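Visitor: One structure is given below, represented as structure tokens, and several questions about it will come after.
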Amino acid sequence: MSFSEAEVQSARGAWEKIYVDAEDNGTTVLVRMFTEHPDTKSYFTHFKGMDSAEEMKQSDQVRGHGKKVFSAINDMVQHLDNSEAFLGIVNPLGKKHATQLKIDPKNFRILCDIILQLMEEKFGGDCKASFEKVTNEICTHLNNVYKEAGW
């Protein structure tokens, strides 16, 4: 993992813009994922009965998970300049999703793409561009963990 100091600062600046409202933006990302890719909802048994985007937006469970996702990414962003610490967050997260939760790894790319889309909508293309390398690193490392877990 190699980020220049400028890339780290740029990525952190972009992330701070969307993370400032982690619960609402995390909820928006999950609701989009569930509505645009309905198969992703199948992993969340407690979300299955929710059919409308509005119902999902109001759900404390969806809101809580959206915030949890954003908090995990925030931890990764804070360690972009320390590979060991970054991997110390990504590896256990990937292992849990691969072995316990059995989440298809393609869902991480879907989630990251929706985050980038939301960044671009809210803050412009420069914000998105500043964060693309981060999402690529996250997905690459998660995919590596899945391969090690036998996916």
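Visitor: Which pairs do you get when a residue that is without any contact (Cβ under 8 Å) to a residue 40 or more places away in the chain, found in the stretch 66-86, comes within reach of a residue that is open to solvent by less than 10 Å² (accessible area, probe 1.4 Å), reach meaning Cβ atoms under 6 angstrom, with the pair 6+ apart or on two chains?
Guide: If the second residue must be open to solvent by less than 10 Å² (accessible area, probe 1.4 Å), the pairs left are His79/Phe86.
Visitor: If you scan the stretch 49-80, which residues turn out to be assigned to a loop (DSSP other than H, G, I, E, B), of a type in the set (S, T, N, Q) and out of contact with any Phe, Trp or Tyr (no Cβ under 8 Å at 6 or more places or on another chain)?
Guide: Ser52, Gln78
Visitor: Considering the stretch 105-151 alone, what residues qualify as being surrounded by fewer than 16 Cβ atoms within 10 Å (Cβ to Cβ) and outside any helix (DSSP H, G or I)?
Guide: Within the stretch 105-151, Gly124, Ala149, Gly150, Trp151 meet the criteria.
Visitor: So which residues in the stretch 32-79 are over 17 Å from Phe108 (Cβ atoms) and either touching a strand residue (DSSP E or B) at 6+ places or on another chain (Cβ under 7 Å) or open to solvent by less than 30 Å² (accessible area, probe 1.4 Å) (or both), if there are any at all?
Guide: Phe47, Met50, Met56, Ser59, Val62 - these are the residues of the stretch 32-79 that are over 17 Å from Phe108 (Cβ atoms) and either touching a strand residue (DSSP E or B) at 6+ places or on another chain (Cβ under 7 Å) or open to solvent by less than 30 Å² (accessible area, probe 1.4 Å) (or both).
Visitor: The conditions are (1) over 15 Å from the mean Cα position of the chain (by Cα); (2) touching a residue at least 60 places away in the same chain (Cβ under 8 Å); (3) open to solvent by less than 40 Å² (accessible area, probe 1.4 Å), and Ala98 fails exactly one of them. Which is it?
Guide: (2)
The values are calculated or read from the model by the stated rules, or taken from the named source; none is laboratory data. Fair warning: this is a prediction, and the values are worked out from it, not measured in the lab. Because the Cβ atoms are built from the backbone with ideal geometry, glycine has one as well, and the counts that use them run over all protein chains shown. When the accessible area is computed, the model is the full protein with side chains, heavy atoms only, and any ligands, DNA or RNA have been set aside. Shrake-Rupley method; radii C 1.70, N 1.55, O 1.52, S 1.80 Å.
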